[in-house]
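Inspection log for the structure reproduced underneath, given as C-alpha cells.
The values are calculated or read from the model by the stated rules, or taken from the named source; none is laboratory data. The structure presented is a predicted model; accordingly, all values stated were derived computationally and were not measured. Here the Cβ is made from the backbone with ideal geometry for all residues, glycine too, and neighbour counts use every protein chain on show. Heavy atoms of the whole protein, side chains included, go into the accessibility calculation; ligands, DNA and RNA do not. Shrake-Rupley method; radii C 1.70, N 1.55, O 1.52, S 1.80 Å.
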Amino acid sequence: VTGTWMGSTTVPCTYVPSEGFTQQTLSWSVERDSSISAIFRRDDSGDHILLSKFRGRVSVPKQSPGNASLLIENLEMPDSGHYTCQVIWRSTDNSLITKEVTTTVKVVKDTREVNPPSSYWELPSSLH
C-alpha cells in the first residue's frame with residue numbers, strides 16, 4: 001500500500017464473519033527497522049491506541065463486521081513499515097483461532113508537488 005505524505009491510507013484487513021465465531025481481540029502492530037511496536041488493540045474494554053505517535057491519527061471501522069482495516073491519517077514519512085493485523089476469534093466450544101496478515105506501507109512525497117511540471121515555469125513567449 002502506498003500513501004502520500006500528509007495524506008491518508010487504509011491498510012486492508014477483512015474477513016467474512018462466520019456463525020459461531022466471535023471476535024475477541026483485534027490488534028495492529030508495525031515493524032520498522034527490525035523493531036515491532038503495537039499500535040492499536042480492540043477488545044472487550046474498547047479501543048486502545050498504544051503508540052502515542054498514532055494517537056488521533058488511526059482508526060478502525062466500528063460498525064462493519066469483518067472489516068478490521070486500519071485508517072492512518074496525516075501520514076508521516078516514518079509511518080512506512082510492515083503493518084500486521086491480528087484477529088483472535090473465540091468459537092462456540094471456547095477454542096481460540098488466530099489469523100494474521102501483514103501489509104507493507106510506503107509513504108511517499110507527492111512527486112507532483114515536489115517537482116511541478118516544467119511547463120509550469122515557462123513564461124509565455126510574448127514575455128521573452
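A few points about this structure:
- Projected over every direction and averaged, the convex hull enclosing the alpha-carbon atoms of the chain yields 11.2 nm².
- By the rule of a C-alpha distance below 21 Å, with chain neighbours fewer than 8 residues away ignored, the lysines paired with Lys62 are Lys99.
- Residue-wise HN-Hα couplings along the range 53-58, as the Karplus relation 6.51 cos²θ - 1.76 cosθ + 1.60 with θ = phi - 60° gives them from phi, are 5, 9, 5, x, 10, 10 Hz; Gly and Pro carry x.
- Only Lys, Arg (+1) and Asp, Glu (-1) charged, at Cβ; the chain dipole about Cα centre in debye: 100
- Size of the range 4-75 from its Cα atoms: along the principal axes, largest to smallest, the extents are 40, 22, 22 Å.
- Aspartates and glutamates whose Cα lies under 13 Å from that of Lys106, excluding same-chain neighbours fewer than 8 positions away: Glu31, Glu76, Asp79
- Accessible surface, per residue, of the chain when the full set of protein chains is kept, probe 1.4 Å, Å²: 65
- As a fraction of the 1.4 Å probe accessible area of the chain, surface on carbon and sulfur atoms comes out at 52 percent.
- In this structure the amide hydrogen of Ser80, modeled in the peptide plane, comes within under 5 Å of the amide hydrogens of Val107, none closer than 5 places in sequence on its chain.
- Most mobile listed residue (Gln24, Gln86, Gln63) in the chain, GNM with C-alpha springs under 10 Å: Gln63
- Candidate residues Trp89, Trp28, Trp5: accessible-area rank, largest first, probe 1.4 Å: Trp5, Trp89, Trp28
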